[in-house]
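Working notes for the structure below.
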Amino acid sequence: MPSRLIIRTITEFRRHYRQFRSGDAVLGLLPWREGEEVKLLDLVDRGVTFFPSALAQMLVRSKVAQAEVLGEFMVPGTFVAYSLPDLARCLGESHTRGDAQVITKRDRAHLGLGVSLWPSLETLYSLGGLQELPYPLVVQPFLTGGRDLRVVVLGDYAEAYERLNPHSFRKNLFQGGSSRPAPLTSDLLAFCRQVMERGKFPYAILDLLASAVGELYLSEISMKGGLTGARLSQEEFRERVQNLEEDFQRQ
């Protein structure tokens with residue numbers, strides 16, 4: 001019987017794509033080009049194993065995909081608008097009606113550059129009636145007074161820190177925020193594990209919102225990114241990820 005393929009680079013993946021068989025494996029978070037996601041679906045159907053899972057790798061590439069699959073963990077009222085009628089349908093919803101502020105997130109935008117704050121969904125809808133918006137958009141109610149937490153979970157390692165910015169609702173460090181360590185409570189870690197289990201994440205960097213009364217909501221999830229503010233360095237992060245990949249291959 002031919003030996004199983006163990007693929008670790010995008011070059012090898014593209015070279016062997018048509019030869020994959022059940023039992024082969026793709027290890028590592030590979031830089032798929034837009035449009036290549038269908039290959040992951042095809043290979044999962046053929047019995048090829050991915051680490052991280054194919055679902056997790058597709059989710060981290062798209063805020064829209066995260067809102068669709070992991071929306072149950074996000075601020076109530078979060079939805080994806082693919083067109084103006086989608087905005088219209090939500091004008092009367094309890095979480096987005098009246099003068100409630102909303103946030104929009106552009107798909108595949110990073111570092112907070114695709115995030116916008118609107119006075120109301122009606123304002124966004126009115127603008128969409130005058131010009132084409134960059135659909136699809138993730139739309140969610142603005143959580144007034146919410147805390148911005150980042151949690152890093154890698155196997156049995158986990159830590160949390162809070163991101164702050166007294167001058168803006170944008171808390172990410174790229175846009176002027178600062179950070180401080182945050183307690184990693186059992187409830188916080190359990191929530192993160194729930195999200196990761198649903199998205200089949202073996203490890204993750206999770207951005208969370210905590211309401212004034214302590215309710216936790218997912219903002220975004222990734223498997224790489226800035227760790228400024230974390231105790232864990234990028235080098236240690238890579239080493240731990242590599243160890244997880246090697247453990248997976250041994251199993």
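Since every read-out is calculated from the coordinates, none of them should be taken as a lab result. Because the structure is a prediction, the values reported are computed rather than measured. Here the Cβ positions follow ideal geometry from the backbone for every residue, glycine too, while neighbour counts run over all protein chains shown.
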The stretch 1-74 and the stretch 213-251 have their Cα centres apart by a whole-number Å value of 19 Å
Spatial extent of the stretch 6-51: Rg and Dmax, with the Cα atoms as the point set, Å
9.4, 26
Largest first and to the nearest Å, give the Cα extent of the stretch 147-250 along each principal axis.
48, 27, 20
Protection proxy (average C-beta count within 10 Å per residue), highest first, orders 205-218, 136-149 as 136-149, 205-218
Work out the length of the dipole vector of the stretch 25-101 about its Cα centre, built from +1 on the beta-carbon of each Lys and Arg and -1 on the beta-carbon of each Asp and Glu, and round it to the nearest 20 debye.
120 debye
Summed side-chain charge close to GLU159 - residues other than GLU159 whose Cβ falls under 15 Å, Lys, Arg +1, Asp, Glu -1
+2
Placed amide H near GLY225: partners under 5 Å, 5+ positions off or other chain:
none
How big is the Rg/Rh ratio for the chain, C-alpha atoms only, Rh by Kirkwood, two decimals?
1.00
